[in-house]
Amino acid sequence: MTIKDNESADLQTPSGPMRTYIFRPAAEGRYPGILLFSEIFQVTGPIRRTAAMLAGHGFLVAAPEIYHEFEPAGTVLPYDQAGAERGNALKTAKELASYDNDARAVLAYLKSHPLCTGKLGVMGICIGGHLAFRAAMNPGVLAGVCFYATDIHKRGLGKGAHDNTLDRIKEIQGEMLMIWGRQDPHVPREGRSLIYSAMADAGLNFTWHEFNGQHAFLRDEGYRYDPALARSCYDLILELFKRKLGEGDQVSARGDKSAAEARH
């Protein structure tokens, strides 16, 4: 379905306003909501295209700027050494509680949005995978997708680089989809094994996929992109979100047409 991708909202958080980009189907109706967390580079072109893909499959997607306390609204860090250094520096300059406050703000926004069914999922990539994992600890999150979530295994998120994600793992109630690249140096096999064991020991409902891919294999920009692998992963994402969040209820634009006709 066609989408709208030119909307944003400045959500209020304890650490200031947070620019959040909204992607949604163009057809009137109510749709499940997805909180999409970006990489350390914030809402880049590849992140926007991922959000657009989700919206095109019938979801209301909200992608916040994760470093809104430090960067002016609209800032996108470049995919280069300087951008990586800035993003990594901010990762441990931000208070851990602020990441959690941000997630709650976006989830509350989606829950109360007039175009949302109230059924919520979360997804994230790289640091966003870690943030989505923590966001899944919020009540009402029915499904979560984490792509090569960094720093869970070494407790490295937030100021002081000593997060409590593994300690809170039992708070996750929804179904999780965990996706990793075996050639990803940021989350080595030992780290993946630690996370897998923690999730299994906690009795979480999850599926686990390890592919022959490098870090950032989902990003459709740069030499590490693997389009065939990305396509397979998008199928996994959509299967989970459709199954756990439902289809929504599209409304006809005209009273003399059915919803099915309005889609064409």
- GNM flexibility winner over the chain from P78, P185, P25 (Cα, springs under 10 Å): P185
- Item | Long-range HN-HN contacts of T150 with modeled amide H, under 5 Å | C126, I127, G129, H130
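May I ask what percent, to the nearest 5, of DSSP beta bridges between residues of the chain are antiparallel?
Numbers: 15 of 41 bridges.
Once the DSSP bridges in the chain are tallied, antiparallel ones form about 35 percent.
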- Item | Karplus-derived 3J(HN,Hα), 6.51/-1.76/1.60, for each residue of region 240-249, Hz, glycine and proline x | 5, 5, 5, 5, 8, 9, x, 9, x, 9
- Task: Would you work out the relative contact order for region 1-122, in percent, from Cα pairs under 8 angstrom that are 6 or more residues apart?
- Result: 33 percent
- Counting helices only, and only those DSSP H runs with n ≥ 4, report the 222 nm mean residue ellipticity of the chain as the sum of -39,500 (n - 2.57) divided by its residues, in deg cm²/dmol to the nearest 500. -10000 deg cm²/dmol
- Along the chain, longest interval not containing exposed trypsin sites (Lys or Arg not before Pro), exposed being DSSP loop plus at most 12 other Cβ atoms within 10 Å: 1-253
- Task: Enumerate the amide H contacts of F206 below 5 Å, restricted to partners 5 or more residues apart or on another chain; note that Pro and chain-start residues carry no placed amide H.
- Result: M176
- Query: Hey, in the GNM for the chain with a 10 angstrom Cα cutoff, which one of S15, S112, S98 fluctuates hardest?
  - Reply: S112
- For S15 and T207 in one chain, what is 0.36 nm times their gap in residues minus the Cα-Cα distance, to one decimal in nm? 65.7 nm
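How high is the FRET efficiency between E28 and K242 when r is their beta carbon distance and R₀ equals 22 Å, given to the nearest 0.05? Display every interim value, and only then the final one.
Values: r = 20 Å, r/R0 = 0.92.
Result of the calculation: an efficiency of 0.60.
Given K4/K94; K4/K119; K91/K111; K91/K119; K111/K159; K4/K111, which pairs have Cα atoms separated by over 24 Å?
In this structure, K4/K94; K91/K111; K91/K119; K111/K159 lie more than 24 Å apart at Cα.
Read-outs: derived from the displayed coordinates by stated rules, not from any lab. Please read all numbers here as calculations on a predicted model, not as lab measurements. Every residue, glycine as well, gets a Cβ built from its backbone with ideal geometry; the counts of neighbours run over all protein chains shown.
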